[in-house]
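Worksheet: the structure to be examined is printed underneath.
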Amino acid sequence: MTEHIPILIVAIPMVTAICLPLVARLSPGAARAVDISGYIAVCVITVMALVRVLDTGPWHYELGGWPPPWGIEYVVDPLSGGMAVLVAFMGLLVSVYADSQRRQLPAWRSGVYDSLFMLLFSGLLGIILAGDLFNLYVFLEISSLAAYGLLSAGGNRAIVATFRYLLLGTIAATFYLLGVGYLYALTGTLNMADVTSQLPAIVGTAPFGVAVTLIVLGLAIKMAVFPLHAWQPDAYAYAPPPVTGFIAAVMSKVSAYALLRVLFFVLGAEGAAGAVIDIMGWVAVVGAVAASVMAVAQTDVRRMLAYSSVSQMGYILIGFSISNAHALTGALLLIVNHAVMKGCLFLAMGSVVWRTRAVTVDELAGMSRRLPWTMAAFTVAAISMVGFPPTAGFFSKWYLLQGAVEADAWVFAVALIVSSLLSAFYFLRAIERIYFAPVQDTHVRRARVFEVPVGMLVPVVVLGITVLLLGLFNRAIVTGVIEAALPEL
Amino acid sequence: MDQAFVGHSYYWLSAVLLLIGLHGILAHTHLMRKLMAMNVMQVAVIIFFIAISAKSEATAPIAIDHGTSLTAEAYINPLPHALMLTAIVVSVSTTGVALGLLIRIHRRYGTLEESELLERMRE
Amino acid sequence: MDRPLLAILVSLLAAVVIRLIGDRPAARETCTFVAAVVKFALVASMLPIILGGGTLESEPLGLVPGLTLHLRVDALGLLFALVASALWIVTSIYSVGYLRAGNYPNQTGYFASFAVCLSATIGIAFAGNLPTFFVFYEMLTLATYPLVAHNRTDAAIAGGRTYLVYTLIAGQALLIATVWASTLAPGEGFQPGGFLPADAGAGVLLPLFALFIVGVGVKAAVMPLHGWLPAAMVAPTPVSALLHAVAVVKAGVFGILRVVGYVFGVDLLRTIGAADVLAAVAAVTILLASVRALSETNLKRRLAYSTIGQLSYIVLGAALGSVAAVAGAMFYIAAHAFMKITLFFVAGSLYVEKHRDKVTQLAGMAREMPITMTAFAVGASGLAGIPLFVGFVGKWNLALGAIDAGRTIFVFVLVTSGLLNLAYFYPIVHDAFFGKPEAPAGGEARWTMAVPLTITALVSITLGLAPDLGFGFFTLAWQAAESVATGGGGVP
C-alpha cells in the first residue's frame, strides 16, 4: 500500500470529496468524522512520504504503471514533500476550525461545503506533486473551481468578488496552458524532467521566451503579485473566514511553489527564464513596498491582511530573483512561515468577526479583554509578520537580507526594510488598539471575557505556537528540508 | 512576409481570438459579455493545441489496419486532442460555475453591469 | 549548568508565572523579587571566573546555519549584567511602593513586562555575537513598549508610538548592519579588538559603521536620535528609572562599546576616520543636552536630558579609544546607573507622595523628606563629578583617556558639562534644603520607596571611595578596556 502513497495523497481527498455530500445526507456526524479522518490520513501519509524522501531521495511514481515521458508522473522530493506536509497540516487545522463555525448550516449544505474544501485540498496537493506540466494545469483548475465555490459562500458581495476572481483566475490558467502548449510544441513532451533534458536545444529561441512569459504571467496572477493582485483583497474580505484562512495561507504559496518548480527546476533559470526572473524581482520590489503602503490605508483588517499578503509574495519573488542560496532559502522558509502566520491571522480575525462582528482596526479596540487567547495568537503572528526575533518571520527576513547583501542587491535590501517598517506600522497599530484602547461596547453584548469555542480556539492557538516554534527551530527546517530541496545550490 | 502567414494561419487565428477574448474581459463592463469573452479566450488556446497537432498529409489517429506497420508520420498527433478534451471540460465547468454566480448576482442586485454593481456593493 | 542561559531564562519564567498568578499582589511581587535575587545570584556567581581572566561561553541554540545563539560572558558583559540585575532588585521593591501609592492598574502586566525586559537586558549583556545581540535588542524594544504606554492615557500612547518609531527604525538599521557584517566576516562573534577585516576598505566600513551607530545610537540617545527619551518620560517612574536610566539606554551605549571595541576595533575606526566623528557627535550631545536640561522645569524631563548628556560620556570614551577612556566609559555604565536611578527614584517619590513634578515646587522639601532629598543631593553631586562620589572616578578616567589619545579638547567638554550639571542640579538641592516650604504636608516617603533610593545613594558614595568594592566594577572595566586596546587574544 505504501508504494502508492504519492497517488493516495491526491486520491484520498478526492474520493472523500465525492462521498461527503452523500454521507452528509445520511448522517451529519458520520460526514464530519469522514471529513476529519480524511485530513488526518493525508497528514500522516504526507509526513511518511517526506521522511522517506529525505532518507532515500526523490520518489517518482508512475500513474498506472506507464513510464515517463509518456505516462503521468507524480514526484515527491524534499521540496514537494515539505509543501505537501504544510498544506496537509493547514488543511487539518482549518477543517477543525471550519467545523466549529458552521454548526448552524443544514447537513446537506455542510456536506457540500466540506466536499468543496476537500476538492480544493486535493487540487492543491495535486499541483504540488505533479511531475507533468499539463497535470499541473488540471489540478490548478480543480483547485480554482473549488475555490470559486467556497469563496462565493460568504454572502452577496462575495459572489461578485468571486466572479471577478473567476475571470482573472481563468485568464491565468489560460496563459499557463498556452505556455505549456508552446513548450510542448518545442519539446514534444509534457513531463517536467523530460523538458529539462531537452532544454539546451530550445533555450534562446523565441517560442521559449513566449512560453516562459505566459507561464510566469499565469502563475503570477494566481499568486496575486502586484500589479495582478486586484482580485485578492475583495475575495479575502468577503469570503467566509475558514475559507479565507485556508486560501490565503496556502493557495498563493502553492502557486509560488509552482513558479519555483517551473522556473528553477524545469527551466533551469536559463535564457528567457533567467531574464523573466530578473524582471520579476524588480516588479516585486515595487510591489512589496506599494502593497505595504496600501495596507496602511486600509481600515478593514482583512483587507489590510490581504495587502500584507501581496507584499509578502513580493518578498518571495525578490528571493527567487536574487536566486543565491541564502535568498532561495529565505524565500522557501517564508513560504512555510507565511502560510502559518497568515493562516493564524485570518482565522483569528474570523473568530473576532464571528464573536463580535468587528471588522475594522478601530473596532478591534480592547479586543484582548474579550478574546484573550485568540488575540495573543494574533499578536504573535503579527509580530512575526513584522519580523521581530525570535519569531519565524525574523529568520526568513534574515536569510533574504543575507542573500540580498551577498548579491549586492541593495535596492532589494532597502525595499525589504522599508516594507518591514510599514508593516510594523499597521500591525503594531492594530496591536495597540487591541491591548491599549478601551473596550468598545457597541459590538459586544456582555462586558466580560467571551472567548470563542474550543474548536475555533485550538487551531488559532496551535498556529500561534507554531509561529514561535518555526522561529526557534528554523535551523532544523532549513538544514533538514530546505537544503535538501535546493540541492544544486 | 507571406512566410509569416502561409501555413501559420491557425496560429494567427489563435492569437487573434486570444486577444479578442482578453480585450473583451478587460474592456466590457457587462458581466455576461466578460464571460463570453472568457470562453473565446479558452477556445483560442484549444485552437492552438489542435493546430500544433496537425501534420501535412496525415490522417486521423485511428489504427484500422493492423497488418501494415504504423508510422508516426501517417497520423496526426493525438495527444493535444486528448489534452484539449480536458481543457474543454474545464472550460465548460468554469462556465457553469460562472453562470451560476451570474444568476445569483442578478437575483440579488438586479443588474449585471459592473459599474452599477460596484456601486451597489459598496452600500 | 549553563549559567548565562539560566540567568536569561529566570525572568522569562517569572514573567509567565506572574501572568498566571494574575491579580494577587503579594504573590506576584514576591515572584518578581525572588526572580530578581536568583538572577543576581546567578550573574554574581560568574564573577570569580571573569575576574580571574576567563570567559564563560555557551551556545544553547542553533539559530541559522552558520550562526548560533551564542552567549559569552566577558568582563564588559558581566559588568552590565551585574548592574542591571542588582538594580532590578531595588527597582522591584520601589515599584511595589510606587504602584501602590499611585494606585496604578494593570500591575500584573507591569511586573510581567518588567521581567521580560530584564531577560532581554541580560541577553544583550551576554550576547556573544551580533545576531544574538540583535535578537535580544529587539526583544527589549518589544518588551519595553507596553511599559512606556502603561498609563494608557493619550499622552502615554503617543509616547509609546514615538518610542516605537525611533527604536524600530533603529532596529532595522541594526539588522542591515548585522547582516552586512556577517557577510563580510561570516560566523564571527565579538572579538576584543574587532573582527571586521580591515581590507574591506573605508568605502564599505564607513557606511557600515554609520548604520551600526544609528542602530544602537537611538537607544543610546545620541543626538539627533534622542527624541524618544523625553517622550518616554510619560511612563511610570520606576519604568523610567530602570529602563530609561539603566536598561534600555545602557543597552544602547553597551552596544556602542561592543561595536567600537569588539566589532570594528579602536584602531580600525581611527584608520577609517570614524573615531573623531563619533567623538565630536558625543561631545555635541553632552553639551547640548546639558544646556537643554537647564530649560526644563519638569523634573523628569530635566533628568531625561541629563541622561542624554551623561550617556554620551560613555560614547565619547569609546570614541577616544585609549585604555583609560574606554575603562572610564565602561565604569561609567555602573556609575551613572546608580546615580541616575537614585534621582529617578526621588522624582517618583515626590510625584506619587507629594504630587510634585516640577523643579519649582520643591522648596523646603528637605524638611519633609530628608532622606529622599539627601539621596538626591548625593546623586546630583555624583553626576556633576564631585570627587568622593562615584561619578568622579569615571570622569577622571575619561579625562585621562582624552589626554592619552591626544584629544585634550574633550577634557574641557567634560569640565564644562560638569559645571552645567551643577547649574541644573544645584538650584534644586539649594531650594530643597534652604528654601521655605509652601505647605508642609505629610512626611518621608514610605519605606518601600525610601529604602531603595537610600541603597543606591549609598552605593554611589561607596563606589566613589572604593570603586572596586563588592563586585569589582573597576577591575572589570579595566580588564575589558585593556583587552580591547590590545586587540584579540589574551584576556577577554
- Task: For the range A:62-76, enumerate the residues that are touching a Gly at 6+ places or on another chain (Cβ under 8 Å) and closer than 19 Å to A:T196 by Cα.
- Result: A:E62, A:P68, A:G71, A:I72, A:E73, A:Y74, A:V75
- Could you tell me whether the range C:191-211 includes any residue that is at pLDDT below 90 and at the interface with chain A (Cβ under 8 Å from one of its Cβ atoms)? no
- Message: For the range A:30-56, give me the residue count where each residue is surrounded by 13 or more Cβ atoms within 10 Å (Cβ to Cβ) and either at positive phi or acidic (D, E) (or both).
- Response: 1
- Query: Has the range C:107-114 got at least one residue that is under 18 Å from the mean Cα position of the chain (by Cα) and modelled with pLDDT of 85 or more?
  - Reply: yes
- Of all residues in the range C:162-179, how many are of a type in the set (F, W, Y) and surrounded by fewer than 24 Cβ atoms within 10 Å (Cβ to Cβ)? 1
- Per-region count, the range A:13-44, residues in contact with a Ser or Thr (Cβ under 8 Å, 6 or more places away or on another chain), under 20 Å from A:L124 (Cα atoms) and of a type in the set (A, V, I, L, M): 6
- Note on the structure: Taking the range A:185-240 and keeping only residues that are within 27 Å of A:W282 (Cα to Cα) and among the β-branched types (V, I, T), one is left with A:T196, A:I202, A:V203, A:T205, A:V210, A:V212, A:T213, A:I215, A:V216, A:I221, A:V225
- Scan (1) within 21 Å of the chain's Cα centre (by Cα); (2) part of a loop (DSSP other than H, G, I, E, B) for the single condition A:V42 breaks and write down its number. (2)
- Please enumerate the residues belonging to the range A:364-379 that are in contact with a helix residue (DSSP H, G or I) (Cβ under 6 Å, 6 or more places away or on another chain) and crowded, with 24+ Cβ neighbours inside 10 Å. A:L364, A:M367, A:T374, A:M375, A:A377, A:F378
- Among the residues of the range C:120-134, write down those that are at the interface with chain A (Cβ under 9 Å from one of its Cβ atoms) and at pLDDT below 90. C:P131
- For the range A:221-234, does any single residue satisfy the condition of being under 23 Å from A:F346 (Cβ atoms) and facing chain B (nearest Cβ under 10 Å)? yes
- Task: Tell me, please, whether a residue that is assigned to a helix (DSSP H, G or I), within 10 Å of chain A (Cβ to nearest Cβ) and within 18 Å of the chain's Cα centre (by Cα) can be found in the range C:173-182.
- Result: no
- Task: Looking for whichever is within 8 Å of chain A (Cβ to nearest Cβ) and within 28 Å of A:G188 (Cβ to Cβ) here; the options are B:L83, B:L117. Which one fits?
- Result: B:L83
- Item | Candidate set from the range A:380-421 (those that are part of a helix (DSSP H, G or I), more than 10 Å from every other protein chain (Cβ to nearest Cβ) and more than 22 Å from the chain's Cα centre (by Cα)); member that is surrounded by the fewest Cβ atoms within 10 Å (Cβ to Cβ) | A:V411
- Task: Just give me the residues in the range B:19-40 being facing another protein chain (nearest Cβ under 10 Å) and of a type in the set (K, R), in sequence order.
- Result: B:K34
- Do we have any residue at all in the range B:55-75 that's assigned to a helix (DSSP H, G or I), under 19 Å from the mean Cα position of the chain (by Cα) and either surrounded by 13 or more Cβ atoms within 10 Å (Cβ to Cβ) or within 11 Å of chain A (Cβ to nearest Cβ) (or both)? no
- Selection from the range A:140-163 of residues more than 8 Å from chain B (Cβ to nearest Cβ), surrounded by fewer than 24 Cβ atoms within 10 Å (Cβ to Cβ) and closer than 24 Å to A:A41 by Cβ yields A:I142, A:A146
- Qualifying residue in the range C:242-253 (condition: in contact with a Phe, Trp or Tyr (Cβ under 8 Å, 6 or more places away or on another chain) and more than 27 Å from C:P105 (Cβ to Cβ)): yes
- Is it true that some residue in the range C:316-327 is surrounded by fewer than 24 Cβ atoms within 10 Å (Cβ to Cβ), closer than 19 Å to C:A481 by Cα, more than 19 Å from the chain's Cα centre (by Cα) and of a type in the set (A, V, I, L, M, F, W, C)? yes
- Message: Could you go through the range A:49-70 and let me know if any residue there is among the β-branched types (V, I, T), within 25 Å of A:I482 (Cβ to Cβ) and in contact with a Leu (Cβ under 7 Å, 6 or more places away or on another chain).
- Response: no
- Residue ID - nearest to the chain's Cα centre (by Cα), chosen from residues in the range A:57-73 that are assigned to a helix (DSSP H, G or I) and surrounded by fewer than 12 Cβ atoms within 10 Å (Cβ to Cβ): A:G64
- Task: Identify all residues within the range C:451-483 that are touching an Asp or Glu at 6+ places or on another chain (Cβ under 6 Å) and either not in a helix (DSSP H, G or I) or not hydroxyl-bearing (S, T, Y) (or both); write none if there are none.
- Result: C:F474
- For the range B:89-112, what are the residues that are within 19 Å of B:I25 (Cα to Cα), surrounded by fewer than 16 Cβ atoms within 10 Å (Cβ to Cβ) and either among the basic types (K, R) or more than 7 Å from chain A (Cβ to nearest Cβ) (or both)? B:V92, B:G96, B:L99, B:G100, B:I103, B:H106, B:T111
- Taking only the range B:9-18 into account, find how many residues are surrounded by fewer than 18 Cβ atoms within 10 Å (Cβ to Cβ), within 12 Å of chain A (Cβ to nearest Cβ) and not hydroxyl-bearing (S, T, Y). 1
- Query: If we scan the range A:255-264, do we find a residue that is in a loop (DSSP other than H, G, I, E, B), out of contact with any Pro (no Cβ under 6 Å at 6 or more places or on another chain) and surrounded by fewer than 24 Cβ atoms within 10 Å (Cβ to Cβ)?
  - Reply: no
- Restricted to the range C:277-301, and to residues that are among the polar types (S, T, N, Q) and outside any helix (DSSP H, G or I), which residue is surrounded by the most Cβ atoms within 10 Å (Cβ to Cβ)? C:N298
- Note on the structure: Of those in the range C:127-161 that are of a type in the set (S, T, Y) and closer than 24 Å to C:L99 by Cβ, the residue surrounded by the most Cβ atoms within 10 Å (Cβ to Cβ) is C:T144
- Just one of (1) surrounded by fewer than 24 Cβ atoms within 10 Å (Cβ to Cβ); (2) in contact with an Asp or Glu (Cβ under 9 Å, 6 or more places away or on another chain); (3) not aromatic (F, W, Y) trips up C:G102, so point out which. (2)
- Item | Count of residues meeting criterion [at the interface with another protein chain (Cβ under 7 Å from one of its Cβ atoms) and either among the β-branched types (V, I, T) or without any contact (Cβ under 8 Å) to a residue 24 or more places away in the chain (or both)] in the range A:164-180 | 5
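The values are calculated or read from the model by the stated rules, or taken from the named source; none is laboratory data. Note that this is a predicted model, so its numbers are computed, not measured. A quick note on method: Cβ atoms are made from the backbone with ideal geometry, for glycine too, and the neighbour counts reach across all protein chains shown.
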